[in-house]
Each structure stands twice: as structure tokens, then as C-alpha cells.
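Chemist: Got a structure for you, questions after.
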Amino acid sequence: MIVVRAPLRISFVGGGTDLPDFYQRYQGRVISTAIDKYVYVVINRTPLIPYISARYKISETVDLPQKLQHTRIKAALIDLKIYKGIEIASFASLPAKTGLGSSSSFSVALLKGLFAFLGKKLHTQEVAELACRLEIKLVGEPIGKQDQYAASFGGINIFEFNSDDSVNIKPLFIDYKIRLEFENHLLVFFTGVTRSAGVVLKEQKENIEKKFKTLKEMSDSVYEFADLLEQGQFKNMGKMLHQGWLRKKSLASKISSGFIDDLYQAGVQNGAWGGKILGAGGGGCILFLSPLNKKDDIRKAVKKVAKKYKLTEFKEIPIHFVQSGGEILFNADRNFF
Amino acid sequence: MKDYIVEFSRKVHKSLEDLPFKEIIKALNMLEAVYERDGRIYVFGNGGSLALATHWVSDFNKTVFSHHLHEHSRRFQAIRLPTTEEELTAWANDVGFNKVFAGPLENYLQDSDIVIAISSSGTSENVIEAVKLAKKNKIPVIGLSGFDGGKLNRLADAKIIVQTPKDEYEVVESVHGVILHLMTKYFKDYFNHLWSLNQRKKRKKLSF
């Protein structure tokens, strides 16, 4: 048995610039951090059972990977020519489609695990590249590349997306004091509304030409955000998030809908410096950067809005940043005798 | 005599000023990641470097948690290789001296682990042998080297080199000691900070 995990992520600035229509014309940049919520994948070798089992929200048992419903597992198994004798299960700290990049975390963990199953070990960069290939090329998701890299590398990084499809990884060098202070100024709420990134990103993709200038500004502002973070200037970072949120909102109509606008307004009116929707938008999580003494006011205010819109799943998600990325926690699948 | 002491201090001082800060930060982040996934840290080197490794292990496994050791459900697991003199001599005698680290490392190594290799010249064959084993298994390597860094600095993921003229072992080993203590102190301060935040939270809860 092999146990693998990969962290979810929060992206702060630059989301959307990791799509090829943009980065093929201008370098895309995203700053994000891995958080202490994980997707776990467990792989079990079943040499005496000539089937493939995939256990997630549902349980599938098939005699050919082509018959699987789970798109990522199906594509990965066909690609790696694993046709039988394997059980794959996944577990997560949070539900899917929260805007925290969980599907790419799953892909990273899955590929790392499947390669270990084949007796091959992968470098973090290879895992990220393979996860991008799996999701974008093999499954055909209209998504970007930031999540696969964030999940594979872990930590707080700037990712630069080059026109030749290569990616530069620039880790941020901040000590535990600034990191913990930053965490303390953050508030993250799950709206309880889930959506698939693909739907929003498709519209966003169609708008890239029109919004090129806005995306360019977002890409350029990544370094400024990183500088502010290294100096611990949380208030100015909040203001930047506010600017970024306004920009992102103008990108696609589905990013913000009534309840999200109201939640955001409630946060800002009660003292938040700024905030954003996490993920492609349309639901998922909402994040605020706020002064410490305003956090309780914001909590109360957004809960009220959530109640108004009957968001029954609405809840605060405590967040800590982590350094760990895609990693094999346990591998007992070694004995080939 | 005073001049001699001043001259030696000057060299050490210069090396400290030129520390590769970013590589040290990278190493600290790698150690934090291994803590998060509950992996193990293997540390080794020859002669004085082995003494540094042993000293660091004892600090890192215990002192790093200050006096709140019992309150941490998870600890660091730093292990000096080889763990016993018996193993050292067995590998050296039976297989060869270049296997004294790689041999025991191969016994222990799991995917969630990390390696700290210490070699002033960066060229010690037995150290490089173990580093290559780690690299083959995609295990992250923190390399503490001196002089021009040698092969170790080229292979390591965190390249902590104390650049000096060749054969300045005393300066390099002294500065390695400082870097290793810095690692311990960083996590000691971090855990103390977390502990005090936690105490504050507990007090806040009690006051309700």
C-alpha cells in the first residue's frame, strides 16, 4: 500500500495569468501558498483481483480503465498502461470545488502514487509537469497550471509561466514570525456553494483578448505583493487584494454573483483591508485580510449575509501555511519477492 | 599572538558575513516540511563533521522543544549515521569505507525523509556515495560544504557552502557549527512562539 498526499492552496495575486492564451503573449505570474488541508490518495496493489477499483465519493469497480467515470484516474491509468490489479482511494480535509485547488492536489498525489506503484520516483518539478499534462492535455480541462505547481512544491512561492510552457519557481523567504502574523490577519470562509473551475475559466478564456491589459497588470503586481509580504505590510497587501478583486471581477460575469458581492461588502464595510474569492470564482471560498481587532466584527457580518442567502454550509476555515508539497507518507509496496 | 587570534577571528567573521542566506532559508523550509510529514532527518560526515552531526542531533531531538517537550505530540526525528560504532566498522571492514554512510542510509531511507550531508571539502567519497543514494530516491539533500563546495555543493538541493581557501578546515567546521546551531535556534524560537500563542489562546478561552 502507498499513501500519498498533496496540500491545497490559497492564491493571492495573478490567478488567470496561468492560462496559455495569456502566458504565450506575456509572462504569467501567480503568488500562492500551500495550506494545512490535504488531499490523500491511497493505492493498493491487488494482484489476485483482476479489476480496477476507484473509491471516492462513489465506488467504482471495472475490468478496464476506459470504463471508469473518474476522469483523472481513468486518463492516468490509460496513460501509464495500468490495466488491472489496483485499488485507488481518495480522502480530503475539505469538500471538492472549494476554490482551493483540490482537483490538482488530487492529480499531484495520484501521479506521485502511481509512479511509486510502478517503482519510479519523481522530482517535484516532474510531478507538477505531469499533473498539468494529465489535467490539461489528457483530460482536457480548460484550467491553468498554478494549482499543480502549488500542490507539488508546497510553501509560499511565485510561479512564473513562460511562453515556451516552462515554469520558474521562486520561493518566498519569510520567517515564521511574519508567516504566523500573516496567517493571523487572514480570514477564510467557505461559502458552501461549489462550482467547477472549468465553467468560469471557459468564459474567462474567451475574454482574454479583451482583458489582456487587466491580466497584465495582475501579473505585474505579483512582485509588489511579494515585497510587501516580506516586509510584513499586511494593510497594503489587503489594499492590493482589493484592487485585484475589482480587476478580476471585471474578467468574467460568473466570478461574482449577488451573494458574493454582499459577503465581500460585509467584510470590507466591517474593517477588512481587502479580500478575494479563492479559485476561479462563482462560489468556493472568500478570503479577507483584516486588522486583528476587526476579525470578530467581520465574522458576525458575513454570517449574517450567509444566513440571508440561506448558505447552510457556510463556515470559517482556519488556515495555516505549510512547507510540505506532494509527498509519499508511506510506501509498503516494495517487496517484490 | 594577539595578531594570530585576530587573524583567525577575521577569517571566521568574513565567512559568517558571506553565508548563503537564501540556501539556509531553503534548508529551514525543507526541515519544516519534513516535520509536517513526520519524516526523518539523517545527518552524517567524517571526523569533525561527524562530531558536529552528533551534537546537532542531540540538540535537535530534544533542546529544540525547550521545556515543553511533553506538550508536542510530534517531534523531530534526527538520526546520525551510522548510529553505532559497530555498524561503522562492519560496513568499513566488510564492504568498504565508502559505504559507511550509504549502507546504513539504505537500510533506513523512506520517501518522507531528508538528508543533511556535511563535508568541508565537499569531496569525501563516502559522503557523496550517500548523497547519490538520496538523490536517486528523490530525497531532498541539505549540503554543508566548505572551500569551493566540491561535488557535495553541486549535488545538494540546499547548497550551504562556507567559501574559504582550500584546507581551512578549522574555519569551515566552526562556521558549520554556527549554521547547525542556527537551525536548532530557529525551530526552538518557532516552537516557543507557537507555545506562547497557544497559552494565550487557552487563557482567552478560560476568561469566557
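The values are calculated or read from the model by the stated rules, or taken from the named source; none is laboratory data. Please read these numbers as outputs of a predicted model, since none were measured by experiment. Quick reminder, even Gly has a Cβ in these numbers, built from the backbone with ideal geometry, and neighbours come from all protein chains shown.
Chemist: Take the residues of segment A:158-180 that are under 21 Å from residue A:224 (Cβ atoms) and among the acidic types (Asp, Glu): which is nearest to the other protein chains (Cβ to nearest Cβ)?
Modeler: A:175
Chemist: Report whether or not residue A:141 is modelled with pLDDT of 95 or more and more than 22 Å from residue B:139 (Cα to Cα).
Modeler: Criteria not met by residue A:141.
Chemist: Still on this model: For residues that are touching a residue at least 12 places away in the same chain (Cβ under 8 Å) and part of a helix (DSSP H, G or I), scanning just segment A:116-128, find the one that is nearest to residue A:86 (Cα to Cα).
Modeler: A:117
Chemist: Looking at A:112, A:145, A:120, which one is in contact with an Asp or Glu (Cβ under 9 Å, 6 or more places away or on another chain) and within 17 Å of residue A:45 (Cβ to Cβ)?
Modeler: That would be A:112, the only listed residue that is in contact with an Asp or Glu (Cβ under 9 Å, 6 or more places away or on another chain) and within 17 Å of residue A:45 (Cβ to Cβ).
Chemist: Would you confirm whether any residue within segment A:288-310 is among the basic types (Lys, Arg) and within 14 Å of another protein chain (Cβ to nearest Cβ)?
Modeler: Checked segment A:288-310: at least one residue is among the basic types (Lys, Arg) and within 14 Å of another protein chain (Cβ to nearest Cβ).
Chemist: Only one of B:175, B:141, B:127 is closer than 27 Å to residue B:88 by Cα, without any contact (Cβ under 8 Å) to a residue 60 or more places away in the chain and within 14 Å of the chain's Cα centre (by Cα); which?
Modeler: Step by step, each of B:175, B:141, B:127 is checked, and only B:141 is closer than 27 Å to residue B:88 by Cα, without any contact (Cβ under 8 Å) to a residue 60 or more places away in the chain and within 14 Å of the chain's Cα centre (by Cα).
Chemist: Right, another one. Would you mind finding the one in A:58, A:73, A:52 that is surrounded by 16 or more Cβ atoms within 10 Å (Cβ to Cβ) and farther than 21 Å from residue A:147 by Cβ?
Modeler: Within the list A:58, A:73, A:52, the selection yields A:52.
Chemist: On to the next question. Take residues that are crowded, with 22+ Cβ neighbours inside 10 Å and within 14 Å of chain A (Cβ to nearest Cβ) and tell me which of the helices (runs of 4 or more DSSP H) falling wholly in segment B:77-186 contain 1 or more.
Modeler: B:125-136
Chemist: Is one or more of the residues making up segment A:295-312 assigned by TED's automatic domain parsing to the domain that holds residue A:191, closer than 23 Å to residue A:96 by Cβ, under 19 Å from the mean Cα position of the chain (by Cα) and in a loop (DSSP other than H, G, I, E, B)?
Modeler: Among the residues of segment A:295-312, not one is assigned by TED's automatic domain parsing to the domain that holds residue A:191, closer than 23 Å to residue A:96 by Cβ, under 19 Å from the mean Cα position of the chain (by Cα) and in a loop (DSSP other than H, G, I, E, B), which makes the answer no.
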